[in-house]
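Each remark here refers to the structure printed beneath this line.
The values are calculated or read from the model by the stated rules, or taken from the named source; none is laboratory data. Just so it is clear, the model here is predicted, and its values are computed rather than measured. Here the Cβ positions follow ideal geometry from the backbone for every residue, glycine too, while neighbour counts run over all protein chains shown. The area values use the complete protein model at the heavy-atom level, side chains included, leaving out ligands, DNA and RNA. Shrake-Rupley method; radii C 1.70, N 1.55, O 1.52, S 1.80 Å.
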Amino acid sequence: MLHNFLILTTAILAVDAHIAAWHKAMFCLNGLTNEEQLTNRDVAEPLYNLSFDDFWMHGKCKDYPPPDGEYLELPVGGKAQLEHAGDRGLTTLSWDGKFANLFPDKDDHPEYDNGSWDNSCISAPNLHTENATRASGTVLAIAYKSDIHDVKQEDMVVISVLPNTPWHRVAEYDIPADLPACDDCICAFSWIPNHCGQANMNMNAFRCRVTGARPDAPKLAKPVPAKWCEGKPDDCVKGAKQITIYHQQPEINTVDIDNIQQADGHWASPGYNEKTGFYPGAQNDIFETSDNSGSSSSAPSDPNQMPMCNLKARSFKNHRRQRRRLLSFGGFHLYADR
Ligand SMILES: *[C@@H]1O[C@H](CO)[C@@H](O)[C@H](O)[C@H]1NC(C)=O
Ligand SMILES: *[C@@H]1O[C@H](CO)[C@@H](O)[C@H](O)[C@H]1NC(C)=O
Ligand SMILES: *[C@@H]1O[C@H](CO)[C@@H](O)[C@H](O)[C@H]1NC(C)=O
């Protein structure tokens, strides 16, 4: 055990991984191999500037399925639990959870919760946020298909939003009460950070099944990409939405936010929150029967807004130039992913 611990701490302390969602029914539980790897973080590698196939479901992870019979269970009207962590070794999936902590890394970090943190960007673990309030939110999505290689963008519907995450390791997603049954589906986690680190995002997949569904449950509507709508709830896409693709190769990104600044003065970051029309919790308006014609929105006002000097709006077509400018702005973006 001491030997394992030394390997573990060396592996994990050396770098700050990005965050992935872990469960025994995930693709890439052992990383990019079928041998047992109690510590590995392949699936926590952030996704940046990739083609669709290299991005979607975390690229090659599509070829490393969970063992037969393992499923992430989605009990309708209940919760599905995932573990947010930068490495498998920091979850209950290795060594009976000996190194699993309150936060997604090796420590409990009381300073992040007890008011003593100075609200600078947190890099250990690499949460890409200054505090829980600013954490951009993560999602669980489902496709009613069983072959991961057959799942397309328009098959996958976001069913649950967990606001202010990633933050603590244990993450519980509310499952819509009307979700139709599925014995063998593909689910995915996704996260688009709100700055505080390098530009990138993450997505990883699970084999999942929906339990307790009503026989007459409605079908999911065909999902469409979310749109930027900060401060303009009437512009938000209502109803079933796709996984948002951002910071990948330009032709696959799904949200057009070039030259838009968000209310806090940073360049727009299309996270899973009210800025792109995602409300917290189970997404209950995603069905063919949902009435999404109303223009009033239940979206709460943006808790991420913070008073800070606004950058003067400028036209920078090139994202790299945007990022360089941000690097020189207030020291907010100086943390790297690794
Ligand atoms: C993104 O990828 C393309 C094609 O692979 C490459 O030409 C380009 O330099 C990359 N851009 C960045 C910013 O890494
Ligand atoms: C918060 O936690 C940190 C780290 O354990 C500790 O040093 C600090 O005294 C705590 N502050 C409060 C107000 O409890
Ligand atoms: C979170 O961090 C931001 C950025 O540093 C700060 O403006 C805000 O007041 C913090 N929020 C809380 C609840 O501490």
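List of remarks:
- With the simple model of a label 7 Å out from the Cα in the direction of the Cβ, K145 to N34 spans 2.3 nm.
- What the phi angles of segment 253-261 give under the Karplus curve with 6.51, -1.76 and 1.60, with θ = phi - 60°, is a coupling list of 5, 9, 10, 9, 10, 4, 6, 9, 9 Hz, glycine and proline written as x.
- Å² per residue, accessible surface of segment 165-275 at 1.4 Å: 34 Å²
- Estimated inter-spin distance, A181 and E70, nm [label 7 Å along Cα→Cβ]: 2.6 nm
- Cα-based shape type of segment 73-232, given that a ≥ b ≥ c are square roots of the gyration tensor eigenvalues and the cut on a/c is 1.5: prolate
- At most 15 other Cβ within 10 Å, DSSP loop - GluC sites (Glu not before Pro), segment 52-103: E70
- Cβ-derived FRET efficiency at R0 45 Å, A263 paired with K222, nearest 0.05: 0.90
- Mean separation of Cα contacts under 8 Å, 6 or more apart, over the residue count of segment 24-96: relative contact order %: 42 percent
- Of all aspartates and glutamates in the structure, the ones whose alpha carbon falls short of 13 Å from that of K145, not counting any fewer than 8 places away in one chain, are E154, D155, D183, D184.
- Note on segment 81-146: dipole from Cβ charges, positive end direction compared against A85, L102, I142; the farthest Cα belongs to I142.
- Ranked order, V210, V170 - accessible area, probe 1.4 Å, largest first: V170, V210
- FRET efficiency estimate (nearest 0.05) - Cβ-Cβ, N114 to Q153, R0 45 angstrom: 0.60
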